[in-house]
């Protein structure tokens with residue numbers, strides 16, 4: 001194992017046997033040569049490394065393999081094949097209350113968890129006051145876990161996890177259960193872990209938290225690593241996938257797109273001013289038109305065209321389509337030019353890019369799509385505002401109390 005890596009996974013796969021009837025499980029044990037089950041591969045040849053001190057977000061739809069891979073890393077689940085190497089002590093918040101005995105009190109469970117983590121009896125006793133204070137569940141610390149609410153359970157679980165001084169912290173959606181105040185306390189603790197150079201794996205459906213907390217993102221899909229890289233770019237790809245409900249093959253297989261291109265293809269994307277002059281530099285307040293030339297090769301019913309503007313930081317500024325604006329498009333074979341007019345554009349100076357696409361009638365499935373198809377520049381001779389665009393506005397000033405009335 002490389003010293004710089006906290007976690008290394010080599011071709012990890014996990015298969016579950018699915019039995020249609022309870023008796024099939026017993027019969028399988030008696031007659032091993034006859035297969036009485038279906039196989040479900042939750043993970044399929046997953047390999048990746050996590051460097052020490054990095055904070056990695058893991059995203060993906062339910063059933064994508066996120067929780068399974070975390071359980072294998074934490075050691076609570078054994079892979080069907082492959083190898084896991086861990087460098088350091090792990091503390092994990094996986095399924096709510098996992099690892100806790102519901103019949104034991106909170107205090108007993110704290111002692112048990114500390115023992116499992118390899119702490120001495122004295123170390124555990126020294127930590128208990130801090131754990132009690134952080135969890136904030138009062139006298140319930142001496143009540144059986146089965147009497148706890150979900151919020152109390154996650155409070156105690158998180159308090160245990162962060163006080164055993166782990167090298168690697170794994171958090172799987174657990175914070176979604178706690179109240180806002182406790183979530184903020186947990187995030188602050190995780191930030192301090194990050195500053196200490198600890199390794200954190202963080203699973204959440206909250207893209208805002210991932211963007212603001214993680215250094216990198218792994219996108220899991222169908223039991224495999226679909227994408228890994230820069231937080232903003234991977235999350236934007238994921239959100240686009242969720243937004244349009246695309247299947248895996250519609251995202252990553254070029255041949256599927258090629259089949260749809262047999263119906264329609266985008267030929268050219270350009271910008272023109274109010275005189276019809278093609279250019280890429282405009283003044284703020286000028287009229288800007290996006291012209292999209294495209295060819296329909298096979299008749300299409302209910303065709304939808306769309307244009308989206310992004311700034312040079314990939315901020316999504318505005319997306320419009322002909323379905324939203326109730327503008328029907330001709331679907332007969334031929335070459336067309338779709339023009340979107342922006343009047344008196346209020347974008348502040350800078351570079352802007354456009355995505356253009358054509359879709360079927362529900363605006364979900366793409367016929368052709370050009371990401372960052374072209375760009376234009378907005379210029380201004382005056383310093384008028386800060387941000388992305390200039391909003392219509394005016395100022396007023398009213399006297400609430402004058403000096404004679406004081």
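None of the figures in this text is laboratory data; all of them are computed from the coordinates on show. Bear in mind the structure is a predicted one, so any value in this text is a computation, not a measurement. FYI the Cβ positions are ideal-geometry reconstructions off the backbone, even for glycines, and counts take in every protein chain you see.
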| note | Expected max-MSF residue from 341, 205, 226 in the GNM of the chain (alpha carbon, under 10 Å) is 341
| Among 190, 220, 26, which one moves the most in a GNM of the chain with springs linking Cα atoms closer than 10 Å? | 26
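Which shape class applies to the chain: rounded if a/c is under 1.5, otherwise prolate when a/b exceeds b/c and oblate if not, where a ≥ b ≥ c are the square roots of the Cα gyration tensor eigenvalues? Don't jump to the answer; show the numbers that get you there.
Details: a/c = 2.66, a/b = 1.46, b/c = 1.82.
Cα axes put the chain in the oblate bin.
Over the chain, calculate the relative contact order: mean separation of alpha carbon pairs under 8 Å at least 6 apart, over the residue count, as a percent.
Values: 765 pairs, mean separation 53.5, N = 406.
Here the relative contact order equals 13 percent.
What FRET efficiency, computed as 1/(1 + (r/R0)^6) with R0 = 51 Å and r the Cβ-Cβ distance, is obtained for residue 274 and residue 130, rounded to the nearest 0.05?
On the way: r = 68 Å, r/R0 = 1.33.
Between residue 274 and residue 130 the formula returns 0.15.
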| task | Could you work out which residue, out of 348, 391, 153, moves most in a Gaussian network model of the chain, that is, has the largest mean-square fluctuation with Cα springs under 10 Å? | result | 391
| How much mean residue ellipticity at 222 nm does the chain get from its helices, if each DSSP H run of length 4 or more adds -39500 (n - 2.57) and you divide by all residues, to the nearest 500 deg cm²/dmol? | -8000 deg cm²/dmol
